[in-house]
Amino acid sequence: MADNNTKTLRELLGLTKSSHSALYENTRDDLLITIDCENGFEFTKQDHALAKVNSQLGLAILDPKDLSNSTSVSTRFIFGESYNLFTRKKDLAEKIDSIIPDSRNVILIGHGRRQDLKAFSSLNAKFLQYPFFDTQIIARNVLPVIDENKKTNESLRDLLTCFNCPFDRLHCAGNDANFTLRLLLLLVVYSLKDVPPPYIQEFKGKVKIIKDIAYAAVPALKPYPHDVAFVRKQRRRQLKLQARFQGPDTIARVRAERAKKRKEKLAALLREICTE
């Protein structure tokens, strides 16, 4: 069953005719901004505004006005660069406020992020004045499989899996913000199940655009350096264990095969250089 927040989001995304909420005079002017923070305790640990914090902050922004019939809409929903923050709380608050335009209404979105908002409260940033929608609470009202007494199936990972939504590298603030926004869109579309079929047909094109955004392919990401190093270390250990149970002839054959592969790779590299 859709709650008031979900109905407001339907209106904002153009999935309803009449207004379902008196919260906003012009809900079509709202920006949806998902926010996520890792190591949020750093904000509350440092009381002074000039104190530096070491944390991650992720923002993902969707302007419902961009939900047109253009096929390029889904390509705009892409990942940005992510990096650790080690800056003053005052500078961080100013940076966040500069991203959010003063001329637009804003709805903040988070996934079980009341703790994040508690951490942000020490920033005294103006973005904290905006209404906050929690995708965990929306999921409890929309999905019949969610039991609020069992938190295990309310995680971002579990809900994305429930919708077969692609994701990768959670617990990175930028990624979590991106995937939380995707989850929000899927929850709103799923909530349309309680709308009579004749009305659904009217929003069929808009629903397809929203789904295309939510299910957009995740960019190919390079493995973390420490993951690569771990795999190489495990491979070397495996080869050493195998060598203990191999005879001299087998070891010589394996070494010859490896030498041959190295020569072939070197020859291919030289050919590539010569053709450039």
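The values are calculated or read from the model by the stated rules, or taken from the named source; none is laboratory data. Predicted model only: the values in this text are computed from it and were never measured. Here the Cβ positions follow ideal geometry from the backbone for every residue, glycine too, while neighbour counts run over all protein chains shown.
The table below gives the values:
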{"item": "Output for the range 153-211, where each listed residue is modelled with pLDDT under 85 and in contact with a strand residue (DSSP E or B) (Cβ under 6 Å, 6 or more places away or on another chain)", "result": "Ala173, Gly174"}
{"item": "Residue match in the range 45-59 (condition: at pLDDT 80 or above and within 30 Å of Lys206 (Cα to Cα))", "result": "yes"}
{"item": "Answer from Ser68, Ser82 - the residue that is assigned by TED's automatic domain parsing to the domain that holds Thr34, of a type in the set (Ser, Thr, Tyr), in contact with a helix residue (DSSP H, G or I) (Cβ under 6 Å, 6 or more places away or on another chain) and at pLDDT below 70", "result": "Ser82"}
{"item": "Residues located in the range 163-220, provided they are assigned to a helix (DSSP H, G or I) and β-branched (Val, Ile, Thr)", "result": "Thr180, Val188, Val189, Ile200, Val207, Ile209, Ile210, Ile213"}
{"item": "Filtered residue count, the range 121-133, keeping only those that are buried (at least 18 other Cβ atoms within 10 Å of the Cβ) and modelled with pLDDT of 75 or more", "result": "1"}
{"item": "So Ile138, is it assigned to a helix (DSSP H, G or I), modelled with pLDDT of 85 or more and under 19 Å from the mean Cα position of the chain (by Cα)", "result": "yes"}
